[in-house]
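The structure under discussion appears below in the form of structure tokens.
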Amino acid sequence: MSTIALPTYEDVQAAARRIEGHAHRTPVMTSRTVNEAFEADVFFKCENLQRMGAFKFRGAFNALSKFSEAQRKAGVVAFSSGNHAQAVALSARLLGIPATILMPLDAPAAKMDATRGYGGRVVTYDRYTEDREQIGQDLAREHGLTLIPPYDHEDVIAGQGTAVKELFEEAGELDALFVPLGGGGLLSGSALSTRALAPGCKLYGVEPEAGNDGQRSFRSGEIVHIDTPQTIADGAQTQHLGLLTFAIIRRDVDDILTARDEELTACMRFLAERMKLVVEPTGCLGFAAARSMKQQLRGKRIGVLVSGGNVDIDRFGALMRNA
Ligand SMILES: *Cc1c(COP(=O)(O)O)cnc(C)c1O
């Protein structure tokens, strides 16, 4: 196997210094009801309260902060219909960098508007006939833009790792930590912080049951590719892990678990009713997996990463009516 240079915890520490004063240090919340139900101490790291509504601001801001003068002038390009687009657009605006965001023609109007609202130039493509990676690369080459991918990039991974660094600094040692998993930027960054700050802590990635490519990759040792899975967890509809994220996850993560859509809506309802937190379906993956392992977690100290809160309020209502 060829060796690829993987980011380290030192990169997470450097990222933490870069984002300080720009990203929120999000609250770590507890709930008596949850602790009683679990007979354990549960600490929620609330990245739904991060700027633009998800942890992705951390990685994007860290990556863009490292641009050279020439890169800053030319600008950044990203493709995403979700939180990464908004994270890049907002970070670019704060750093005075022009941003081009590629979004599918049929992306929700609210997401396009949010991206434009953060100052991003939206370029649309037809997701059924056009290849967004190709368009992104063409734009990057023609205009000298720097492409920032949503997860498989060392600066993105290091930035995402700062959330769990803050969690350990605030909550102290934990016995187990549950982190949502899509392409693995958040989980691999979390792994760097966990192995540095709490080597004995069990670390679990959690993905939608309908799209368990991460679990299959972890268990088989090869990156498994799948079709876009059908799930309400739209932040984790990725088709495969990245080369960097997979290498770190294999080395540092204890297991990959899954959660069903019904479990996610039940968690959304609980977090809204009991903790007054608006969390998007993907943001509930960690909590859902912890709930189904409750018996084994009795008496322990548990971390749950709540990764984002960007859910259209009408969709939130519709999901809650059926939960
Ligand atoms: C992107 C995203 C994830 C998954 O993160 P990866 O780094 O792709 O694994 C989880 N939750 C939310 C809210 C996201 O936006």
Complete set of residues in region 184-195 that are small (Gly, Ala, Ser) and either more than 11 Å from the ligand (Cβ to nearest atom) or surrounded by fewer than 24 Cβ atoms within 10 Å (Cβ to Cβ) (or both): ALA191, SER193
Any idea which of (1) at pLDDT 95 or above; (2) of a type in the set (Asp, Glu); (3) within 11 Å of the ligand (Cβ to nearest atom) is the one GLU262 doesn't satisfy? (3)
Kindly establish whether ALA110 is surrounded by 12 or more Cβ atoms within 10 Å (Cβ to Cβ), closer than 24 Å to GLY182 by Cα and not acidic (Asp, Glu). yes
Those residues of region 164-183 which are in a strand (DSSP E or B) and within 13 Å of the ligand (Cβ to nearest atom), in sequence order: PHE178, VAL179, PRO180
In this structure, is PHE61 farther than 26 Å from ALA289 by Cβ, crowded, with 23+ Cβ neighbours inside 10 Å and aromatic (Phe, Trp, Tyr)? yes
Just for helices (runs of 4 or more DSSP H) wholly inside region 192-299: which have at least 3 residues that are under 20 Å from PHE44 (Cβ atoms) and out of contact with any Lys or Arg (no Cβ under 6 Å at 6 or more places or on another chain)? 261-275, 285-292
Kindly indicate which of THR258, THR162 is closer than 23 Å to GLU280 by Cβ, crowded, with 19+ Cβ neighbours inside 10 Å, touching a residue at least 60 places away in the same chain (Cβ under 8 Å) and hydroxyl-bearing (Ser, Thr, Tyr). THR162
Any idea which of (1) in contact (Cβ under 8 Å) with a residue 12 or more places away in the chain; (2) within 15 Å of the ligand (Cβ to nearest atom); (3) not small (Gly, Ala, Ser) is the one LYS294 doesn't satisfy? (2)
Confirm whether GLY21 is free of Cβ contacts under 8 Å to residues at least 60 places away in the same chain and at positive phi. yes
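The values are calculated or read from the model by the stated rules, or taken from the named source; none is laboratory data. Just so it is clear, the structure is predicted and the values come from calculations on it, not from any experiment. Cβ: placed from backbone, ideal geometry, glycine included. Neighbour counts: every protein chain shown.
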